[in-house]
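A short worksheet on the structure shown next.
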Amino acid sequence: MELNFYKKSLFLFFIFMVCISFIISPLNGLSVDNYKKIQEKIANEGYILFAPERTTETYLINYNKEVVYSWDSDYNPSFSVYLLSSGNLLHTSYLGFHPIFYAMGMAGGFQEIGFNGDIVWDFKYRDNTHLSHHDVEPLPNGNVLMIAWEYKSHTEAEKAGRNPINIPYSGLWPDHVIEVNKTGPTSGIIVWEWHVWDHLIQDYNPSKDNYGVVKDHPELIDINFGDSSCSDWLHSNSIDYNEEFDQIIISVRNFNEFWVIDHSTTTEEAAGHTGGNSGKGGDILYRWGNPRAYRAGTVYDQKLFRQHDANWIESGCPGEGNILVFNNGIGRPEGVYSSVDEIVQPVDDNGNYYLEPGEAYGPEEPTWVYKSENPEDFFSASRSGAQRLIDGHTLICNAEEGYFFEVTSDGDIVWDYVNPYPDYINNIVFKVHRYESYYPGIIQLLQPPETPSIPSGPTLGIVGVEYEYSSKTSDPNGNQIFYKYDWNDGTDSGWIGPYDSGETCVSDHVWNNNGSYKVKVKAKDFFNLESDWSNHLNVIIGNIPPELPTISGPTHGRIGVEYDYIFKAIDLNNNKIRYIIDWGDGTSYTSDFYPSGTDITLSHNWTDKGKYVISAKAQDSLGLIGPEKCLYITISRSKATYDFLFHRFFVRYPILEKIFYHLI
């Protein structure tokens with residue numbers, strides 16, 4: 001009973017220790033130091049995309065502030081760029097002066113640029129009645145959303161209910177949104193559209209269109225609100241898409257607010273007030289920043305001041321689903337400074353927004369705000385943006401200073417960068433975007449060249465003579481390639497190139513000493529992404545000793561029994577070799593010469609018990625001796641001796657004989 005109890009206790013103790021090991025290990029792994037290392041690793045694995053406004057180049061940098069990729073467009077950006085999941089770049093295009101639409105943010109189209117620089121889609125949206133501007137948004141289905149102006153004459157604006165004295169000479173340019181589907185390298189069709197002009201209200205003239213009570217219709221847009229002297233009446237400057245709700249958010253700078261609209265509608269429904277997931281057609285579902293725009297507040301209720309880049313916080317990031325916006329701060333009553341504001345909108349799981357009748361949309365205040373400790377130290381009068389990151393940090397772009405920085409939720413700056421392109425004076429950047437290392441577009445884009453082929457060239461040579469070697473590889477992105485040969489003598493070729501993808505690279509080398517050299521090669525692309533080293537080519541310069549031999553045979557034996565041992569060595573110069581063998585018992589043997597790589601079998605027996613070392617060296621026909629190989633063996637008494645001793649022992653102790661045979 002006591003033995004069983006002991007066994008059970010021992011078993012339970014073992015299980016306990018196993019469980020403790022599983023509990024303790026993760027705790028050790030999540031020590032403060034390791035957690036910091038993990039956070040640092042995550043933070044340093046992202047890549048930041050930006051397009052300086054005054055150059056045609058777009059750059060992707062890492063957190064070491066190194067350019068890892070760049071693209072060149074035919075046009076300056078106007079203003080945004082995005083990295084697609086395919087690895088291609090979506091780049092807005094500033095097509096130059098326009099005779100009607102001449103305002104900040106003019107574009108005219110976009111280009112999709114392949115990772116090798118090819119233009120795979122060049123779409124233009126520009127004529128005398130409309131012009132794209134500021135921003136685009138790639139959709140999951142491959143289509144692209146665009147913000148654009150459309151021209152409305154003085155007559156059209158007055159008919160819609162605009163006060164005639166507030167209609168500029170150049171008419172009004174209300175915004176609209178289109179969704180474009182690619183049909184060819186330079187063409188696309190509009191598959192969906194939404195127009196501000198379809199959702200107006202005015203209480204200025206009952207004889208004109210859109211007459212009604214503005215404060216009773218927060219879902220509509222007051223045509224008489226806003227800047228009365230500007231044709232670019234709304235100046236929408238960003239667009240973002242929420243796939244979960246199939247909704248669009250637009251930052252409307254001149255109204256000091258952002259709007260959310262339904263994208264699930266048809267184009268016909270988007271022009272009306274019913275239909276779509278919301279049942280409200282193309283009417284505004286939610287708006288925030290300035291309740292004066294729909295007569296639900298005063299100047300003291302205004303929260304946004306010429307804001308930019310309203311966007312939903314992406315899934316998986318702290319605050320996911322909330323709205324982040326760069327609040328530029330022009331006209332802010334308490335002082336002119338910028339901030340980044342996070343908004344928790346009153347929305348249910350189906351994308352429906354709550355509004356108390358007669359009141360302003362909530363919330364009353366942002367849930368999180370970043371501003372400088374001294375607020376006036378952080379200010380950008382125009383452009384700019386912010387993005388919430390997966391670790392809870394926020395990446396911010398101060399556009400006018402070309403300054404990007406990352407802050408913690410407590411507002412501490414943990415990383416920053418000043419754009420040097422094209423120079424530090426002209427370094428304005430509209431906004432930036434970070435992509436994680438596991439984003440499909442990054443994976444597609446940042447592919448190093450394939451591992452080069454094993455070097456091709458002579459494998460035998462002599463000191464002081466130059467030999468030529470070649471290799472080639474390809475780059476998945478079609479980038480040009482540089483090669484580096486390692487000659488295994490403490491030198492390398494340095495980076496040679498560039499070569500076109502798939503082109504053979506040739507390099508020469510001279511060895512100054514006899515020896516065996518493992519020649520290998522690696523490649524890198526134009527963006528310093530390096531391949532693995534190739535398999536090596538073994539090159540023999542001059543005569544070198546045979547390699548270390550192998551010895552195969554038993555490691556235990558008995559006195560007087562003869563055992564066979566197999567010896568084999570390679571001579572890289574292909575000279576014949578012989579074996580010099582020491583049996584460890586005072587005897588030795590030197591074989592005849594055999595071809596390199598030939599197995600030879602030799603027999604030997606030992607006359608005394610003990611531990612012995614068999615040693616073997618190979619000597620080539622020119623007299624060079626290679627390294628020594630050893631095999632350790634143990635020689636015991638003969639079996640007959642053991643049988644006699646066991647018999648005498650068991651005769652003397654018969655009880656132990658029974659126990660012995662019971663155990664075996």
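Values quoted throughout were computed directly from the atomic coordinates according to the rules given, and no laboratory measurement underlies them. Keep in mind the model is a prediction, meaning the values are calculated, not measured. Methodologically, a virtual Cβ is constructed for each residue, glycine included, from the backbone with ideal geometry; neighbour enumeration extends over all protein chains shown.
Annotations for the structure displayed:
- The coefficient of translational diffusion for the range 460-541, derived via Stokes-Einstein from the alpha carbon Kirkwood radius under 4 °C and 1.567 mPa s, stands at 98 µm²/s.
- Kirkwood-type radius of the range 75-193, with distances r between different C-alpha atoms, in Å: 15.1
- The angle between the Cα long axis of helix 2-29 and the main principal axis of the chain comes to about 50°, on a 0 to 90 degree scale.
- Judged by the mean number of other Cβ atoms found within 10 Å, the most tightly packed of the peptides 234-240, 217-223, 465-471 leads the ranking 234-240, 217-223, 465-471.
- The angle between the Cα long axis of helix 639-652 and the main principal axis of the chain comes to about 90°, on a 0 to 90 degree scale.
- Neighbour net charge for residue 139 - beta-carbon separation under 9 angstrom, K R +1, D E -1: -3
- Each residue in 489, 72, 309 was given a count of other beta-carbon atoms within 10 angstrom of its own, and listing them fewest first yields 72, 489, 309.
- Each residue of the range 74-85 is assigned a 3J(HN,Hα), and the resulting list reads 6, 9, 5, x, 8, 10, 8, 9, 9, 8, 7, 5 Hz, derived from the Karplus form 6.51 cos²θ - 1.76 cosθ + 1.60 (θ = phi - 60°), x at Gly and Pro.
- Each residue, residue 315 and residue 559, gets one label point 7 Å from its Cα in the Cβ direction; the gap between the two is 8.1 nm.
- Neighbour counts of other Cβ atoms within 10 Å put 408, 601 in the fewest-to-most order 601, 408.
- Long-range HN-HN contacts of residue 594 with modeled amide H, under 5 Å: 577, 578
- Over the chain, the fraction of Cα-Cα pairs per 10 Å bin, rounded to whole percents and listed from the shortest bin up, is 3, 12, 17, 15, 11, 9, 9, 8, 7, 5, 3, 1, 0, 0.
- Residues of the range 575-601 with amide N under 20 Å of a point placed 7 Å along Cα→Cβ from residue 463: 575
- Taking label points 7 Å from Cα along the Cα-to-Cβ direction, residue 493 and residue 70 give a separation of 2.6 nm.
- Counting other Cβ atoms within 10 Å as a rough exposure proxy, the listed residues 299, 510 run 299, 510 from fewest neighbours to most.
- Under 5 Å, built H, 5+ apart or other chain: amide partners of residue 480: 526
- Anchor residue 159: aspartates and glutamates whose Cα lies under 15 Å away (excluding residues fewer than 8 positions away in-chain): 198, 203, 209, 222
- Label-point separation in nm, residue 169 to residue 548, each point 7 Å along Cα→Cβ: 9.2
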